[in-house]
Structures are given as structure tokens and as C-alpha cells.
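Asker: Below is the structure I would like to discuss, written out as C-alpha cells.
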Amino acid sequence: MASWKPAFDNAVVSFREKKYDVALNQVSEAIRQGADRANVYDLRANILSEYLGRPKEALRDAKMVIKLCPEAPK
């Protein structure tokens with residue numbers, strides 16, 4: 001298992017429990033630990049834009065999603 005996976009899994013649980021600040025910290029930790037998947041950055045972008053009102057930061061992560069997964073439908 002990737003070292004970042006537990007932090008990401010915890011972020012998903014916190015997100016589902018509507019603990020958005022906690023989820024943000026956990027998903028950011030997953031990224032610091034080397035997560036480089038589009039779904040990780042997508043979760044953080046979603047938390048930042050939709051739940052914490054930080055669209056500029058969310059845009060940075062949304063651009064990373066496109067970089068990591070350019071073949072995805074737009």
C-alpha cells in the first residue's frame with residue numbers, strides 16, 4: 001500500500017462526515033507524502049472550492065488534476 005493511502009482514506013471519511021477542515025488537512029498530508037493521483041487533487045479542490053470558499057487555491061489543484069489526467073473528458 002502506498003504510504004499516502006491511509007491519509008487519503010481518512011480524508012474521504014472526514015469528508016463524508018462533513019468535517020471539511022479535517023479532511024483538507026488529511027488530503028494535504030497525503031499529497032505531502034507523495035500522492036500524485038488526480039482523485040486526490042480533485043478531492044482537495046472540491047473541499048477548497050465548494051466547502052471552504054477558497055477558489056484560488058482550488059484552481060491550482062484543478063489544474064493539477066488536468067495535468068495528471070489529460071485524457072479525461074472535460
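Asker: Rolling a 1.4 Å sphere over the protein heavy atoms, what is the accessible area per residue of the chain, to the nearest Å²?
Answerer: Numbers: 4900 Å² over 74 residues.
Value returned for the chain: 66 Å² of accessible area per residue.
Asker: In addition: What is the spin-label model distance, in nm, from A2 to L59 if the labels are put 7 Å beyond Cα along the C-beta direction?
Answerer: The answer from the label model is 2.7 nm.
Asker: Excluding R54 itself, what net charge comes from residues whose Cβ is under 13 Å from its Cβ, given Lys and Arg +1 and Asp and Glu -1?
Answerer: Details: positive: R44, K56, R60; negative: D21, E50, E57, D61.
Combined, the nearby Lys, Arg, Asp and Glu give -1.
Asker: Over the chain, with every protein chain in place, what whole percent of the accessible area is carbon and sulfur at 1.4 Å, could you tell me?
Answerer: Values: 2600 of 4900 Å².
Whole-percent figure for carbon plus sulfur exposure: 53.
Asker: Over all pairs of distinct alpha carbons, what does the Kirkwood formula give as the hydrodynamic radius of the chain, in Å? Present the calculation step by step, with values, prior to reporting the outcome.
Answerer: On the way: mean 1/r = 0.0826 Å⁻¹.
It is 12.1 Å.
Asker: Sorting K67, K5, K56 by accessible area (1.4 Å probe), largest first, what list results?
Answerer: On the way: K67 155, K5 70, K56 180 Å².
Ranked list, largest accessible area first: K56, K67, K5.
Asker: Which sequence of S14, S3, S49 reflects their accessible areas, 1.4 Å probe, from the largest down?
Answerer: Details: S14 10, S3 85, S49 45 Å².
Ranked from most to least accessible, the order is S3, S49, S14.
Asker: Sorting L52, L59 by accessible area (1.4 Å probe), largest first, what list results? It would help to have the intermediate numbers written out before the result.
Answerer: Details: L52 45, L59 90 Å².
Sorted descending by solvent-accessible area, the residues read L59, L52.
Asker: While we're here: When we measure straight from the Cα of K19, which aspartates and glutamates land under 18 angstrom away, once same-chain ones fewer than 8 places off are left out?
Answerer: D9, E29, D42, E50
The values are calculated or read from the model by the stated rules, or taken from the named source; none is laboratory data. Fair warning: this is a prediction, and the values are worked out from it, not measured in the lab. We place every Cβ from the backbone using ideal geometry, glycine too, and count neighbours over all the protein chains shown. These area figures cover heavy atoms from the full protein model, side chains too; ligands, DNA and RNA do not enter into them. Shrake-Rupley method; radii C 1.70, N 1.55, O 1.52, S 1.80 Å.
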